[in-house]
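Working notes, structure below.
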């Protein structure tokens, strides 16, 4: 995943760029960068943020930066923004997305006369560099961006900074957001709409799927109209979005609250069955509040997330270390756990490792029962579009491991469809097997239809691939 921010002001933009980019720290864990254009041309800085938050890495350098146009990013993997010199002139570029056919595209570029790509550690190609190379195969930037969007299998939203303005391009099916804010001094563009509110901007527009605009201090001009088909990622509301975020006009916090309400209505748990409802902080909290208010069971916080020195940007990239840090962050409140029947809501179950350890932790702290209610359905397919999961294989997903034990490794798609349907016996058995393996007192996943109802927009505009395999 990742996030980005851009500014085009009639005055120096570095202050807004710095803090607007910092507001995306919940979306990336590895690299961050800023690039500005001013009287001295382009100026760029990139830093590793695996062991320090964004702000501490750039506080000194921003005093040496100046310019009225700038882009910044927080990335989960590749270093960016990149500065590129081509027949289009010099520009800086940053991207958010996933390219499934990166090897095929890079081979084609080299075969058509391209020279080389720089390999990152691990031997992979920087996806942002590949996008720039695709853009550079065409006569102008607009044609280049459209070509890149056309040939990329996956999802790609980008910002491209030139001396004249900043090109904004949302991915062709709008799987990730791109919004524009405005104030008297100019405009900004952002992955997260909340990132510009405290900087004095107000909402201006949200780019549609495949829309391309150019942003200057004087205005935002649409160069390519949006398409009619949208598939925005539903997991943005369930997990990735910050509570104050909103996408397509729908609040993340409100959606999560409604998710909890719908789960409680279908679940039927009351104070006769459980003592408290709790959310795994932070993304499970609003779900739990909605569940508690609907069910009448008190909401409580039996463990507290310790964040003063461990914001999300401190999370290491190695999964085993991430699991360890996730455990270390949760501090128990024994008085709220001991001899209690707890209903615990997390945003999802991916591998199951962390939630199993959280449950063990609650039992060791004296809990009598731990009932688990994930806020989304079982994850069946690895994401092809935004890399929300770090799973390198679908067999890392606990639901697929359970299915493979029952059906074998090569499972026919029609059989998988049965496991995706909460009204089938296969689904019910899968859930029970997950419950036994993870040690929960009871387990009920949120239903896909209830979750989509909680979002509240046209279901055909929502991507549900990770739950039902439908593109």
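Per-residue counts of other Cβ atoms within 10 Å, averaged by peptide: what ranking do you get for 444-452, 356-364, highest first?
Per-residue Cβ counts within 10 Å, averaged per peptide and sorted highest first, yield 444-452, 356-364.
Between segment 30-107 and segment 186-254, what's the alpha-carbon centroid distance in Å?
For segment 30-107 versus segment 186-254, the Cα centre distance is 20 Å.
Hey, what number do you get for the chain at 222 nm if only DSSP H runs of n ≥ 4 count, each worth -39500 (n - 2.57), divided across all residues, to the nearest 500?
Working: 14 runs with 138 residues, N = 471.
Calculated at 222 nm, the ellipticity per residue is -8500 deg cm²/dmol.
Defining a contact as two alpha carbons under 8 Å apart and six or more residues distant in sequence, what relative contact order in percent does segment 19-118 show? It would help to have the intermediate numbers written out before the result.
Numbers: 144 pairs, mean separation 28.1, N = 100.
Here the relative contact order equals 28 percent.
Could you work out the relative contact order of segment 235-468, using alpha carbon pairs under 8 angstrom and six or more residues apart, expressed as a whole percent? Could you put the intermediate results ahead of the total?
Details: 385 pairs, mean separation 45.9, N = 234.
RCO, segment 235-468: 20 percent.
Please give the peptides 144-150, 456-462 ranked by average Cβ packing (other Cβ atoms within 10 Å per residue), highest first, as a rough proxy for protection.
Working: 144-150: 19.9, 456-462: 14.0.
Packing order, densest peptide first, comes out as 144-150, 456-462.
Listing 440, 54 from the residue with the fewest other Cβ atoms within 10 Å to the one with the most, what is the order? Intermediate values should be presented prior to the final figure.
Values: 440 20, 54 24.
By the 10 Å Cβ count, ascending: 440, 54.
If you take every DSSP beta bridge whose two residues both sit in segment 235-468, what share of them, in percent to the nearest 5, is antiparallel?
Numbers: 5 of 16 bridges.
Antiparallel: roughly 30 percent of the beta bridges in segment 235-468.
Cα gyration tensor of segment 182-245, axes a ≥ b ≥ c as square roots of the eigenvalues: rounded (a/c below 1.5), prolate (a/b > b/c) or oblate? Kindly include the intermediate steps, with their values, before the conclusion.
On the way: a/c = 3.49, a/b = 1.14, b/c = 3.06.
Oblate, since a/c reaches 1.5 and b/c is not below a/b.
Could you tell me whether segment 235-468 comes out rounded, prolate or oblate from its Cα gyration tensor? Rule is a ≥ b ≥ c as square roots of the eigenvalues, rounded for a/c under 1.5, then prolate if a/b exceeds b/c, otherwise oblate.
Working: a/c = 1.25, a/b = 1.23, b/c = 1.02.
Rounded.
Please say if segment 245-294 is rounded, prolate or oblate, where rounded means a/c under 1.5 for a ≥ b ≥ c the square roots of the C-alpha gyration tensor eigenvalues, and otherwise the choice is prolate for a/b larger than b/c and oblate otherwise?
Details: a/c = 3.85, a/b = 1.89, b/c = 2.04.
Verdict is oblate for segment 245-294.
Given contacts defined as C-alpha pairs under 8 Å and at least six residues apart, what's the relative contact order of the chain, whole-number percent?
On the way: 1049 pairs, mean separation 61.8, N = 471.
It comes to 13 percent, rounded to a whole number.
For helix 285-295, what angle does its Cα long axis make with the longest principal axis of the chain, in degrees from 0 to 90 and rounded to 10?
40 degrees
Taking 0.36 nm per residue of separation and subtracting the Cα-Cα distance, what length does fully extending residue 117 through residue 198 add?
Working: separation 81, 0.36 × 81 = 29.16 nm, distance 3.96 nm.
Result for the pair: 25.2 nm of gain on full extension.
Laboratory data are not the source of any read-out in this text; all were calculated from the coordinates shown. The structure presented is a predicted model; accordingly, all values stated were derived computationally and were not measured. Positions of Cβ are generated from backbone atoms using ideal geometry, with glycine treated the same way; all protein chains shown enter the neighbour counts.
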